[in-house]
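To start, the structure itself, in structure tokens.
The values are calculated or read from the model by the stated rules, or taken from the named source; none is laboratory data. All values reported here derive from a predicted model rather than from experimental measurement. Ideal geometry is used to build each Cβ from the backbone, glycine not excepted, and the neighbour counts take in all protein chains shown. Quick note on the areas: whole protein, heavy atoms, side chains included, nothing else; ligands and nucleic acids left out. Shrake-Rupley method; radii C 1.70, N 1.55, O 1.52, S 1.80 Å.
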Amino acid sequence: MKKAAFIYDPQLSTHVLRDDHVMRPSRLQYTFELLDSYGAFDGKAPSLLLSPRKATEEEVLTFHTREYLEAVKLFSRGEHGPYDPLQFNFSQYGDNPVYPGMYEAALLSTGASLVAAELVLNKEVPVAFNISGGLHHAMPGHASGFCIFNDPVIAINYLLKHVSRVAYVDIDCHHGDGVQAAFYNTDRVLTISLHESGRWLFPGTGDVTEIGQGRGLGYSVNVPLAPYTTDEMYLWAFREVVLPLLHAYRPDVLVTQLGVDTHFNDPITHLALTSQGFTACVEEFRNLVVPWLALGGGGYDMSAVARCWTLAYGVMAGLELPEPVSASYRERYGITHLRESEKPPVEPEMHTLARRFAEESVREVKRLVFPVHRLT
Ligand SMILES: [Zn+2]
């Protein structure tokens, strides 16, 4: 059996949201080509490469409203019908522009997550990675944060038809608000999001006091962090919160959203992780040895995205990824190394503030949520 599957097709990366939009699907192509330059898909590596399929309307409707789906379909082909894009949070110059073909693009990235979920559920591979997924902000009736359809929710809804418990861990720099909202009232999905605090960053939610309600009380977990949080304190918080909760919850399937906008070079966020810190989290997920659906997410520095997701897939598939990158890749994209050799510069004062913030968040999670899981 192959160790890992990667879901990709160039169709996932050819659309353009808007010429000046920070979300550039071509980052997926950068990643695929970097992995390809290491021989990840040459048939000899312990890795499968699969094409996505479009999600069906029925699958999309497990989370989204019919009205929203119909509106996206119309906008995508340049029509409006009875709808105003603004009522679904689309606007020409905002986060969520209407662009030609967006319905098909959203169906394909959602279907890619479903292909990955099917592979993992059927135990064809221990882990499947859809770098085009992880669009965690989309809400039932509107677009949000560059996300049209919420593929993590749709994939989890599919998994829940076959298994009892799913854990969703979101290490994107932004709070995984759409996924949290979908499962806020249930204990069948444990959602854990580590993110830059909503005090400083979109979407503004994800406070440590958001812990779920009703049967879901204690099954939504948030670890807000301060700007300039580095690898060391991020990993500390991850190990203090994520690992004990996953061990206690014992999910049938682990779903991870692996956004890389926590990287210190990311242009729209303020955490200070390196590719090594990000990769260490991915190694922790692998070490859990739970059927694992891995999704992409945010990440707006093209080099950081390509390098971090290449390293992540290297962990999943057990690939050797020596430095430096191949000459041909270097010439095409100007990237020389996968891993940074230097740490980001963080003022000692900011370092102290960020550490205190992380300690406070971890303390509050332990106080509010750990007793529900019989953890101390
Ligand atoms: Zn993000």
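Side notes on the structure shown:
- When the Cα positions of 81, 111, 62 are compared along the charge dipole of segment 36-124, 111 comes out farthest toward the positive end, with charges on each C-beta of Lys, Arg, Asp and Glu.
- Mean-square fluctuations from a GNM of the chain, with a 10 angstrom spring cutoff on Cα atoms, peak among 302, 350, 139 at 350.
- Share of carbon and sulfur in the accessible heavy-atom surface of segment 36-114 [1.4 Å probe, %]: 52 percent
- From its DSSP helices (H runs of at least four residues, each -39,500 (n - 2.57)), the chain gives a residue-normalised ellipticity at 222 nm of -11500 deg cm²/dmol.
- Counting only protein heavy atoms and a 1.4 Å probe, segment 279-321 has 24 square angstrom of accessible area per residue.
- Using θ = phi - 60° and Karplus 6.51 cos²θ - 1.76 cosθ + 1.60, couplings along segment 139-146 (whole Hz; Gly, Pro as x): 9, x, x, 7, 6, 6, x, 6
- The Cα-based radius of gyration of the chain, divided by its Kirkwood radius, gives an Rg/Rh of 0.94.
- Applied to segment 40-53, the Karplus parametrisation 6.51 cos²θ - 1.76 cosθ + 1.60 on θ = phi - 60° returns per-residue 3J(HN,Hα) values of 4, 10, 8, x, 8, 6, x, 9, 9, 10, 10, 8, x, 10 Hz, with x for Gly and Pro.
- Highest average packing first - 140-151, 275-286, 103-114, Cβ atoms within 10 Å: 103-114, 140-151, 275-286
- Amide H contacts under 5 Å for residue 139: 144, restricted to partners 5 or more places along the chain or on a different chain, H placed in the peptide plane at 1.01 Å from N.
- Put simply, the amide H of residue 212, placed in the peptide plane, has neighbours under 5 Å in 218, 220, leaving out anything fewer than 5 places away on its chain.
- Debye log10 I(q)/I(0) at q = 0.24, 0.27 Å⁻¹ for segment 153-225, Cα point scatterers: -1.01, -1.19
- Accessible area expressed per residue, segment 55-178, with surrounding protein chains retained (probe 1.4 Å, Å²): 33 Å²
- The spacing between segment 270-318 and segment 163-216, judged by their C-alpha centroids, is 19 Å.
- Overall Cα dimensions of segment 65-139 - principal axes, largest extent first, Å: 45, 22, 20
- Per-residue HN-Hα couplings for segment 80-87 [Karplus 6.51, -1.76, 1.60; θ = phi - 60°; Hz; x = Gly/Pro]: 10, x, x, 9, 10, x, 4, 5
- Amide H contacts under 5 Å for residue 262, placed H, 5+ residues apart: 173
- Dipole magnitude for the chain: about 960 debye, using +1 per Lys or Arg Cβ and -1 per Asp or Glu Cβ, origin at the Cα centre.
- Average accessible surface for segment 186-248: 37 Å² per residue, computed with a 1.4 Å probe over protein heavy atoms with every protein chain in place.
- Most mobile listed residue (165, 355, 77) in the chain, GNM with C-alpha springs under 10 Å: 77
- Per-selection Kirkwood Rh - segment 24-123 (Cα, Å, 1 d.p.): 15.8 Å
- Counted over the chain, the DSSP beta bridges are approximately 5% antiparallel.
- Magnitude of the charge dipole for segment 177-222, about its Cα centre and with charges confined to Cβ atoms of Lys, Arg (+1) and Asp, Glu (-1), is about 120 debye.
- Under a Gaussian network description of the chain, with springs only between Cα atoms under 10 Å, the residue in 137, 15, 174 that fluctuates furthest is 15.
- Overall, the ratio between the Cα radius of gyration of segment 1-52 and 2.2 N^0.38 Å, rounded to two decimals, is 1.31.
- Taking the accessible area of segment 118-169, probe 1.4 Å, and keeping the other protein chains in place, the carbon and sulfur fraction comes to 53%.
- Across all Cα atoms of segment 103-162, the radius of gyration (one decimal) and Dmax (whole number) stand at 11.5, 34 Å.
- Mean Cβ count within 10 Å, highest first, over the residues of peptides 311-318, 235-242: 311-318, 235-242
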